[in-house]
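To keep things clear, I will list the structure first and then write my remarks on it.
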Amino acid sequence: MEQITRIGMDTSKNVFQLHGVDAAEKPVLRKKLTRREMIRFFEKLPPTLVAIEACGSSHHWARLLGSLGHDVRLIAPQLAKPYVKRGKNDAADAEALCEAVSRPTMRFVPVKTAEQQAALMLVGVRERLIQKRTQLVNAIRGYGAEFGITAATGACRVVPLLECIAEDETIPELARELFALQGKEYAQLQCEIERIDAKLMEWHRNDECSQRLAKIPGVGPIGATLLMMKTPDPHLFKSGRDFAAWMGLTPKDHSTAGKTRHGVITRAGDELLRSTLVVGATAVVQHARNGRGRNLTPWLIG
């Protein structure tokens with residue numbers, strides 16, 4: 001165990017595959033351990049460089065192994081994949097991680113604290129509730145159209161639509177009962193979303209940097225909160241274009257032999273953060289075109 005200089009660990013729910021090398025880059029550890037065995041193994045192991053793929057529960061294991069004195073590095077899956085020699089199994093993945101972490105130009109994912117994970121959970125719960133609300137609204141509209149009752153677009157039109165359906169005696173009583181049931185579900189979802197939004201705004205008001213970001217045109221409180229929760233240390237980006245590339249807003253590059261071929265944006269970053277900022281920027285452009293943001297026109301042209 002004293003010969004091990006770094007370890008690549010492929011994680012799962014119950015089984016963990018380890019691959020370790022010594023100072024001469026010779027493999028000296030190939031072992032599959034259960035959850036309890038893995039923790040006991042690292043408790044006895046001297047401080048070592050450990051590479052883990054950035055996936056589900058990886059931040060938890062990084063914090064745990066870090067508390068035991070180990071230097072833990074998280075590697076994005078797409079950056080570790082090129083080091084897989086052949087096939088796809090736990091042992092090959094662990095070996096690839098062990099090799100990838102030794103590269104001097106390798107980029108690593110910053111380990112999130114438990115507080116940051118809780119904040120991200122808040123954002124994830126809000127997104128799930130909004131998706132569920134959208135699904136429910138579409139179902140109500142679809143069922144209403146089957147009885148010849150429609151309403152203008154927008155979530156604010158759902159309650160008047162349900163009231164109109166409840167007062168329409170030409171609709172069968174069974175259908176009206178089901179519409180009322182969906183109305184109660186919609187009201188419950190709306191209350192839960194408002195409660196989550198209140199917690200999100202409280203987090204935003206307590207963070208000075210988030211408040212500064214919200215002053216940027218097109219960002220707002222939600223965008224600023226997402227930027228603070230999901231963006232790593234800004235010093236990791238050399239320029240604004242590097243940050244745009246991290247979010248997946250730069251075009252795909254298919255250039256060769258001196259010929260430049262750019263495709264659509266890569267969409268390689270966080271989908272929720274990217275879509276929020278794109279929607280905000282689109283709203284700013286539309287306001288400027290409609291003459292409602294004249295102070296923004298020089299900035300957009302420039």
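The values are calculated or read from the model by the stated rules, or taken from the named source; none is laboratory data. Quantities reported herein were computed from a predicted structural model and do not represent experimental measurements. Please note: Cβ atoms are built from the backbone with ideal geometry, for glycine as well, and neighbour counts cover all protein chains shown. Please note that ligands, DNA and RNA were not included when accessible areas were found on the heavy atoms of the full protein model with its side chains. Shrake-Rupley method; radii C 1.70, N 1.55, O 1.52, S 1.80 Å.
In table form, for the structure just shown:
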read-out: For the chain, accessible area per residue (1.4 Å probe, heavy atoms of protein chains only), Å²; value: 63 Å²
read-out: Spin-label pair Thr170/Ala139, simplified geometry with 7 Å Cα→Cβ offset, distance in nm; value: 2.6 nm
read-out: Range of Cα positions in segment 234-291 per principal axis (Å), largest first; value: 45, 28, 20
read-out: Point-charge dipole on Cβ atoms (K/R +1, D/E -1) for the chain, about Cα centre, debye to 20; value: 1200 debye
read-out: Compactness index (Cα Rg / 2.2 N^0.38 Å), segment 120-260; value: 1.52
read-out: Furthest towards positive pole of dipole, Ala145, Ser275, Asn206, structure part the chain, Cβ charges; value: Ser275
read-out: Nearest-0.05 FRET efficiency for Ala91 and Gln286, computed from C-beta distance (R0 41 Å); value: 0.15
read-out: Contour excess over end-to-end distance, with Cα ends at Ser12 and Lys215 and 0.36 nm allotted per residue; value: 68.9 nm
read-out: DSSP loop GluC sites (Glu not before Pro) with at most 10 other Cβ within 10 Å excluded, longest remaining stretch of the chain; value: 3-168
read-out: With at most 16 neighbouring Cβ atoms within 10 Å, loop trypsin sites (Lys or Arg not before Pro) (DSSP) excluded, longest segment of the chain; value: 108-214
read-out: Alpha-carbon centroid distance for the pair segment 37-62 / segment 179-224, whole angstrom; value: 35 Å
read-out: Size of charge dipole - segment 96-143 - debye, nearest 20, with Cβ of Lys, Arg +1 and Asp, Glu -1, no other charges; value: 260 debye
read-out: Portion, in percent, of the accessible area of the chain that falls on carbon or sulfur, probe 1.4 Å; value: 54 percent
read-out: Size of charge dipole - segment 10-157 - debye, nearest 20, with Cβ of Lys, Arg +1 and Asp, Glu -1, no other charges; value: 320 debye
read-out: Principal axis box of segment 61-159, alpha-carbon based, largest edge first, Å; value: 65, 35, 23
read-out: Residues Thr113 and Leu236, FRET efficiency given R0 of 30 Å [Cβ-Cβ distance, rounded to 0.05]; value: 0.95
read-out: Cross-link table Lys112/Lys215; Lys81/Lys252; Lys184/Lys215, entries beyond 30 Å C-alpha to C-alpha; value: Lys184/Lys215
read-out: Rg ratio (alpha-carbon, reference 2.2 N^0.38 Å) - the chain; value: 1.33
